[in-house]
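Reviewing the structure listed below.
Values in this text are rule-based calculations from the coordinates and carry no lab data. Note that this is a predicted model, so its numbers are computed, not measured. Using ideal geometry, Cβ is built from the backbone for each residue, glycine included, and neighbour counts are taken over all protein chains shown.
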Amino acid sequence: MQAYIGALVPHYNEGNTKNICLQVYFSGCNFRCGYCHVPEFLTFDEKHLIDLKEVKQELRLHHNVITSVMFTGGEPCLQKDAVLQLAQFAKMLAMTILLDTNGSRPDVLFALLENELVDVVYLDMKTPSYPDLFEKVTHTKTFFVTPESLLLNIQQSITHLIEFRDTVDVVVVTPIIPQLLYRKEDLFAIAAQIQTFASRWILRRFRNDKLVVDKSLQKLKEPTYDFVEMLRDSIIKKYPRLVVEVE
């Protein structure tokens, strides 16, 4: 079986060369976030077509040091059969399985959760459930797809994560982007959605020192660590159950 996979990148956990997470970058995404720093993985480019045997071989040959695998992208859940097959193989090797997803494919997420094929879900919560803001950040609107429909899908994914919250850790990741997503009120709205199931919430500062999809964003001034810390403190004060980190 073939899949669109742009790269296999080993990540050394805490500098430990005997505790490696293999990051599998699926190519192809249904979002076009301007701040995305991996534009090369947004399309289903034929140059990224590989046989899953290659990924399995990498996992099998190095399973003594590769202790976990992360499916990221792009959006891995757009390739359901491939991500399920690789998750099953990693599970057979007793690896920890991590999934980085935008939540727009609740059916795939549910299949992974129901079959115990994921241990940690990184849910990219781009915005609260406000269609106009969501479209401004993700640029997803087409003749066939509306922001409202995608937000409903994300809410369904959240419902699944709540259902399986005792068996999976959920890390929510939200970008802090000047002129787009930076207001306390917007973050409070996200906090209200995730407070019952999120293990951690990472506020990720926009960095303009990386290649991004929307080149105009590179002209923005990066949010300071102190500013994002202030947002975090405000969130914790209002939602003390949340564990919020700044990255």
Study note, to complete from the structure: Note, Leu113: beta-carbon cut-off 14 Å, +1 each Lys/Arg, -1 each Asp/Glu, net -3
Point to revise | Anisotropy class of segment 125-247 from Cα gyration tensor, a/c 1.5 cut | key: oblate
Review point. Taking a ≥ b ≥ c as the square roots of the eigenvalues of the Cα gyration tensor of segment 81-152, is the shape rounded (a/c under 1.5), prolate (a/b larger than b/c) or oblate?
Key: prolate
Revision key, fill the gap. Phi angles of segment 140-147, converted by Karplus (6.51 cos²θ - 1.76 cosθ + 1.60, θ = phi - 60°) into ³J(HN,Hα) in whole Hz with x for Gly and Pro, give 9, 5, 9, 4, 9, 10, 10, x
Exercise for review: Pull up all non-local amide H partners of Leu42: gap of 5 or more, or a different chain, and H-to-H distance under 5 Å with H placed in the peptide plane.
Suggested key: Gly28
Point to revise | Chain lengthening between Thr196 and Arg241 when straightened (0.36 nm per residue, less Cα-Cα) | key: 15.3 nm
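Near Ala192, within a Cβ-to-Cβ distance under 13 Å, what is the net charge of the other residues, with Lys and Arg +1 and Asp and Glu -1? Walk me through the numbers before you get to the answer.
Numbers: positive: Lys184, Lys238, Arg241; negative: Glu185, Asp186.
My count for the surroundings of Ala192 gives +1.
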**Study point:** Per-residue ³J(HN,Hα) for segment 50-65, Karplus 6.51 cos²θ - 1.76 cosθ + 1.60, θ = phi - 60°, Hz, x for Gly and Pro
**Key:** 9, 7, 4, 4, 5, 5, 4, 5, 4, 5, 5, 5, 10, 5, 6, 10
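More than 28 angstrom separation, counting every C-alpha pair in the chain; what % is that?
For the chain, the share of Cα pairs beyond 28 Å comes to 32 percent.
Pairs of Cα atoms under 8 Å, at least six residues apart: use those to get the relative contact order of segment 94-247, whole percent. Intermediate values should be presented prior to the final figure.
Details: 231 pairs, mean separation 33.6, N = 154.
Relative contact order of segment 94-247: 22 percent.
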Review point. Can you flag which of Lys184/Lys215; Lys126/Lys184; Lys80/Lys136; Lys47/Lys126 are past 21 Å Cα-Cα?
Key: Lys184/Lys215; Lys80/Lys136; Lys47/Lys126
Point to revise | Kirkwood hydrodynamic radius of segment 65-106, from inverse mean 1/r over distinct Cα pairs, in Å | key: 10.7
Point to revise | Karplus (6.51, -1.76, 1.60) ³J(HN,Hα), θ = phi - 60°, over segment 171-188, in Hz, Gly and Pro reported as x | key: 10, 8, 10, 10, x, 10, 10, x, 6, 10, 9, 7, 7, 4, 4, 5, 5, 4
Review point. Around Met70, which amide H atoms from residues at least 5 apart in sequence, or from another chain, sit under 5 Å from its own amide H, with H modelled in the peptide plane?
Key: Leu22, Gln23, Val24, Leu98
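About the Cα centre of the chain, how large is the charge dipole given +1 on each Lys and Arg Cβ and -1 on each Asp and Glu Cβ? Please answer in debye to the nearest 20.
In total the dipole reaches around 460 debye.
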Check your understanding: Taking square-rooted eigenvalues a ≥ b ≥ c of the alpha carbon gyration tensor, is segment 22-75 rounded, prolate or oblate, where a/c under 1.5 means rounded and, failing that, a/b exceeding b/c means prolate?
Key -> oblate
